[in-house]
Every structure is written in C-alpha cells, then in structure tokens.
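Read the structure below first, then the notes.
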Amino acid sequence: MTDELIQNYPINYVAIDQATKQSGFTMASDPKTCALLKTLAGTKPGGKFLELGTGTGLSTAWILEGMDNSSVLTSIDNDPFFYNIAEHFLKDDRLSLVKEDAGEWIQNNKDSKFDLIFADTWHGKYLMLDEVLDMLNPGGLYILDDMLPQSNWPDGHQEKAMRLLELLDERTDLNLTRQCWATGIVIASKK
C-alpha cells in the first residue's frame, strides 16, 4: 500500500476543486481527509451529520457520497463567496446548506443532536468546543483535520492546536484517536 490516494471522487468534486482553486481559497480539506469522511459517513445509516465550515463544498461532497439516502447533512458557512460555490455545485435533497455564522447557529441549535460532526472552522474546534460536543449523540463521531502544522497557519496557531488536543485528551466522555496522516486527523467517539 502506498500513500497515494486512489479513489472514486464524488461526481462534482473535480468541478468544485477547479472553482476552489480559481477562487483563491487555500483552506480546502485534503483529499485524504475527505475520503476518510466518506467512509465514516457510511458507518451511520440514517444519520444526522453536521459540518461546521462548508468552505467551497469539497468535504461536503465526500460526506454526501458516503451517506445513505435516509441520512441528512447540515453544513454551515458564513463566507458568501465560498458558500456560493458550494451552493452552485451541491444539489442534494439530503443537504441543508446554511449561510450563517457558526457560533450563532450553534447557539440557536444547541439542543440538536448529531451522529457525526466534522468541525472544520473555529467554532466547534477552537471556540464553543463544549457546546458542539454536547450536540454529539452517544456513539457519534467528532472529526477534526489540520492538526499537524500547516504552512498557512498564522503565528501562534500551533499553540492553539496543541491546547485543543490537551483539552480533548482531558475529556472523559470521548474515546480519542490522533492520526499523523493527511493534515493531522483527530477522531473521537462519544461514550
């Protein structure tokens, strides 16, 4: 086995990827991370999924690819330019794209429960961590990426990432696995 990703990409992936590159968006999820999200989504038939940080929709496309027909995905982003790319390419009745600040959305939906949460923005990762983890059903999966140092990290971000990992390690309600693969993946399951 090699480190090369050989996958069947979601139907709109190439078009979204091209639009992403043309837009100048540099924070798109790594294809390896996306392929893992597809597999993990497949473990939750009839599941309720939450993606915090749609971006241009690359990871969204993969999550949808792994979901069954009775699952639903809510994906949140507040950047209208990038959100519009996702909205243009992702036409799926199982998907609810929400253009809103993630913090406000979390506050307004704190009683909602999910079987899988992919936290790919500040809220749910570095902000409002407890609130988002409270939204996770028992047996639910919480997934983070970009936990290994990245070239586009601003000064001081490595310390934030390390503190987040410490906070997750301290929790007694999660089973946690750190993976030094792709951009650095964390997968936790709720006890």
Rough spin-label spacing in nm, given labels placed 7 Å along Cα→Cβ, for ILE11 and GLN179: 2.7 nm
Charge tally in the Cβ shell below 12 Å around GLU100, where Lys, Arg are +1 and Asp, Glu are -1, GLU100 excluded: -3
For segment 13-190, with +1 on Lys and Arg beta carbons and -1 on Asp and Glu, the positive-most of MET135, SER59, GLY156 along the dipole: SER59
When segment 15-108 is reduced to its Cα atoms, the Kirkwood hydrodynamic radius in Å: 13.3 Å
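Could you sort 79-91, 31-43 so that the peptide with the highest average Cβ count within 10 Å comes first and the rest follow in order?
The most tightly packed comes first, giving 31-43, 79-91.
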Principal axis dimensions, the chain - Cα atoms, whole angstrom, descending: 41, 38, 37
Charge tally in the Cβ shell below 13 Å around GLY66, where Lys, Arg are +1 and Asp, Glu are -1, GLY66 excluded: -2
Exposure proxy order (Cβ contacts within 10 Å, fewest to most) of THR54, THR26: THR26, THR54
Spin-label model distance (nm) - HIS88 vs GLU170, 7 Å beyond Cα toward Cβ: 4.4 nm
Rounded to the nearest 20 debye, dipole of the chain from Cβ charges on Lys, Arg, Asp, Glu: 380 debye
Beta bridges per DSSP with both ends in the chain, % antiparallel, nearest 5: 35 percent
P(r) tail fraction, segment 80-191 - alpha-carbon pairs more than 23 Å apart, %: 35 percent
Highest-MSF residue in the chain out of ASP111, ASP92, ASP120 [GNM, Cα springs under 10 Å]: ASP111
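Every number here is computed from the coordinates shown, using simple stated rules; none is lab data. As the structure is a computational prediction, the values presented were derived from the model and not from experiment. No Cβ is skipped: glycine too gets one built from the backbone with ideal geometry, and neighbour counts run over all protein chains shown.
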